[in-house]
Amino acid sequence: MNQSNLNITYKFDKAKKVLIKPVSLILFVIALINLYFLFEVNPMSNDECLWRNEKISKDSVGTFFSFVKFEGVSWKAGIRDGDELLAINNVDVSGDLSTAQRVLNRVEGGDSALYKIKRNGRVFETKVEVKKLLNFQGVAFSLLGLIWLIVGYVVVMAKPNGVPQRLFFRVAVMLILFNMVVIRSFNNPYIENSFPIWLSVIIDLMSLLGVSFFPFVLIHFFWVFPKPNKFIDKKVTQRFLYIGPSVIYLLVLVLYFSAYMRDNFIQAALYFNLMSWLSSAAIVVGLISLFISYQRLKTQHERNAIFVILITYALGVAAIIYYTTAIVTAQPVTQFNSPEYFMPIILIVLLPISFGYSIFKYSLMDVSDVIKNTIMYTTATITLAALYFVVIYVLGQSISSAIGTEYQGIIAGIIFIGFALIFQSTKDRFQEVITSRFYPEQFAFQKVLVKFSSDISTIVGMDNILDSVVDTFINSLKLKKVAILLKSNGGNKTCVILRAVGIDKSSILLEDRETRIREVLKEKERLKLNPVIEENDFKKIYPESAEKLKDEGIYTIIPLMIKNKIIGSVLFGLKHSGAQFAGKDLELLTAVCNQIAAAIENARLYEAEAEKLKIDRDLENAKRIQISLLPSSIPNIKGLDICGSMHPAMQVGGDYYDLIKLDEKRVFVVVGDVSGKGLAASFYMSKLETMIKLFCSEGRTPKEVLVEVNKKITPTIERNWFITVSIALFNTETKKMNYCRAGHTPLLVAKDFHIDEYVPKGIGIGMKTEDVFDNSIEEIELPLETGQLFAFYSDGITEAMNKEKEFFGDGRFKSILKQSSSRSAMQVENEIMNSLKTFRAVESQNDDITLVLVKVK
């Protein structure tokens, strides 16, 4: 697939994702309208008896009562079998069942209708209480469509490009369109409708579209769920699933509207009812397909996830069969005297509910833990907040009653502030407890990967690194399928499997597809998706090996990248729970795989050093690795002009900076400095880079990031080492900048030939215990104003020396910033670097130099 086709594909996918929300909202409204018409507009009135027409004479027909329900509303009104109905509410209905029912339908449920009755030649009037007859079939399928839409929205938003996800959502679409028939009720001659012609045509077109496509979309879904059938990609299957419903829709349209134009409403309704029977048949076919797929599932976890769906599906089909049998075999009077006889059809709504249950419990159809966590965390946080406010209220009332109401406002304020501070400090711990209690797999997964990312940079030797990777994924995370592939050094452009567990090495031979991988990852980045290769990407990148990868149970491939160069990949099966990796798990895996790539490249450098390269070349290559961990490009943030660079004193160093874009208006700016220089400092720098990537995420403040990083790094750092870091979060929407420093150089802000220096409290990472560090960190907030120039830097600038051993100093640095503050960030950076070079002259660089400038445009 070439670049142009990929671009078109991804743009189309992006457009579909954008349309999902408005389409879902429209369908949700339609589903509610369907239910409204079923409950409020179109329910038939019922007087708990049966009307029948009989000949009175040669030229006249009368309407007579039969099967009057004992103690029913007609019985209580004095009506008995054999009585003749003459009029309802003074409207003559004798011999006209349609008119009688329509007149009765105009009466609200619970109100009374005036019946004119003739019995044995005597005419009398009586009031009959009117009940409303609910269309249980319509209610069942309308609720089925509504609940399916809600679950389908969650499913398709979790993975908009997934085939089963899209089909599941389409089932909901067709169900709701199908159910629009209840609005018109054209197949019921006893219900009046007064829609404009154009609206009637639109409703009929939509409902016929739904009833024509629903059977095929449903069958298509169950042919790819829970795993695709092998015949699904055959041309005859595709023609059946896509051309079949289109042909049927056009045919039904012609037949339906031809009957409609002849005012043959019974024939028009017949066509729709025939298609409804086709839908019922498709539901049965879907059950059979699901049962066959269930039998083919290999693991107990997979079976558990599908078992609940299979059972509820079978109950739904049984309800449909029961309802159909009841309609065919039951006496007509049953519908009026015992409508609850048809109620079991409601069981069909259990099917989407069971999907929702399995999705929540087993992460079915790649619905990540993010959605489940959001629901759980939101509920827990609200509960905790409610408890705090109850305590605040009780304390306030108790204290006020004890000392009087004079200071009630002040007391309430003090208590509120105190508990707000307690709530903020308790919330994160509370969420961590929830994660460990309700999502032990996710909690353990995060803990293991964070620890592994800390340890991997200290492991020496290719074999040791690969063994550690496999041990972590297999023994610690309990994965069953993992493989590590690296590019071959030869000229055959293949990737060699160096380690594999649960995968047949001989069955997978992946070619070096770096160009295609780059194209796919670039488009995913534009769509704000995780930079990973998922199952639906296999055919685009590895067309020859896609089926083999699926057969081996591979669902996720994460490229190993160094400085935008792909050196290999890691292949993953399912998680221990049987679910696919998604959401936060993929983000963590990607960060760890970046660290694995760096470690592997380091190991390659060590091997090369042992064989033939000198230490200089090793360090030079390590420098490239270090640079590859730095931002490869400057993020485009609206309203900001950003530039940055890092210049190590040796081939590798301990300075670090990063620009982590959250969205179009928010970006983290990070500058760090590891005590010391050289290769050892670069190891700690790579640890810092991984931690920063893990914790600089949505919802975290700079202070929270530093606290988390210190918590993870301090236990592993050597006694004589420490790290200083500055973190700022720019938000051009709120025009605020939050800043926090851990012992790093001050923040300088220049504007209009004036400069301000900000030095919030904070000690270096790794210097003190967690409590001391947490209490020492201070976060400040600054407004963003046009023309401001923010300077983040390491002490390698101010402590640069010339041959006379003079420092460049704060004065020279601030002077350049003041004089150049009106220029662009890149121009100011060039001016500073040129000044440093001129100042040092022949003197070599004595420390790492890092500079990041942010100009508010």
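The values are calculated or read from the model by the stated rules, or taken from the named source; none is laboratory data. Predicted, not measured: the structure shown is a model, and the values here were computed from it. Please note: Cβ atoms are built from the backbone with ideal geometry, for glycine as well, and neighbour counts cover all protein chains shown. For the accessible areas, the whole protein counts, side chains as well, though only heavy atoms, and no ligand, DNA or RNA atoms are used. Shrake-Rupley method; radii C 1.70, N 1.55, O 1.52, S 1.80 Å.
(1) open to solvent by 20 Å² or more (accessible area, probe 1.4 Å); (2) touching a residue at least 12 places away in the same chain (Cβ under 8 Å): which one isn't true of Leu589, the others all being true?
(1) is the only condition that Leu589 fails.
Can you tell me which residues in the stretch 756-788 are open to solvent by less than 30 Å² (accessible area, probe 1.4 Å) and either of a type in the set (Val, Ile, Thr) or part of a strand (DSSP E or B) (or both)?
Within the stretch 756-788, Ile765, Ile777, Leu782 qualify.
Residues in the stretch 533-540: is at least one out of contact with any Phe, Trp or Tyr (no Cβ under 6 Å at 6 or more places or on another chain) and closer than 26 Å to Asp467 by Cβ?
Yes, that holds for at least one residue.
Report, by residue number, each residue of the stretch 37-56 that is within 17 Å of Phe70 (Cβ to Cβ) and assigned to a loop (DSSP other than H, G, I, E, B).
Asp47, Glu48, Cys49
Before we move on, is Lys751 out of contact with any strand residue (DSSP E or B) (no Cβ under 9 Å at 6 or more places or on another chain), of a type in the set (Lys, Arg), touching a residue at least 40 places away in the same chain (Cβ under 8 Å) and over 29 Å from Ile596 (Cβ atoms)?
Taking the combined requirement at face value, the residue does not satisfy it.
How many residues, within the stretch 113-123, are among the hydrophobic types (A, V, I, L, M, F, W, C) and open to solvent by 40 Å² or more (accessible area, probe 1.4 Å)?
Total meeting the criteria: 2.
Check Ile147, Ile117 and return the single one that is in a helix (DSSP H, G or I) and at pLDDT 90 or above.
Ile147
Going through Gly152, Gly78 one at a time, which residue ends up being farther than 30 Å from Thr312 by Cβ and in contact (Cβ under 8 Å) with a residue 12 or more places away in the chain?
Gly78 is the lone residue from the list that is farther than 30 Å from Thr312 by Cβ and in contact (Cβ under 8 Å) with a residue 12 or more places away in the chain.
Please specify each residue of the stretch 345-357 satisfying the condition of being surrounded by fewer than 18 Cβ atoms within 10 Å (Cβ to Cβ) and either without any contact (Cβ under 8 Å) to a residue 24 or more places away in the chain or touching a Phe, Trp or Tyr at 6+ places or on another chain (Cβ under 6 Å) (or both).
none
Considering only residues that are open to solvent by 10 Å² or more (accessible area, probe 1.4 Å) and among the hydrophobic types (A, V, I, L, M, F, W, C), look in the stretch 544-565 and name the one that is modelled with the lowest pLDDT.
Ile562
Based on this model, can you work out whether Ile88 counts as farther than 17 Å from Val130 by Cβ and either touching a strand residue (DSSP E or B) at 6+ places or on another chain (Cβ under 6 Å) or aromatic (Phe, Trp, Tyr) (or both)?
no
Can you tell me which residue is nearest to Val674 (Cα to Cα) among those in the stretch 735-755 that are part of a loop (DSSP other than H, G, I, E, B) and open to solvent by 20 Å² or more (accessible area, probe 1.4 Å)?
Across the stretch 735-755, the extreme among qualifying residues is Thr745.
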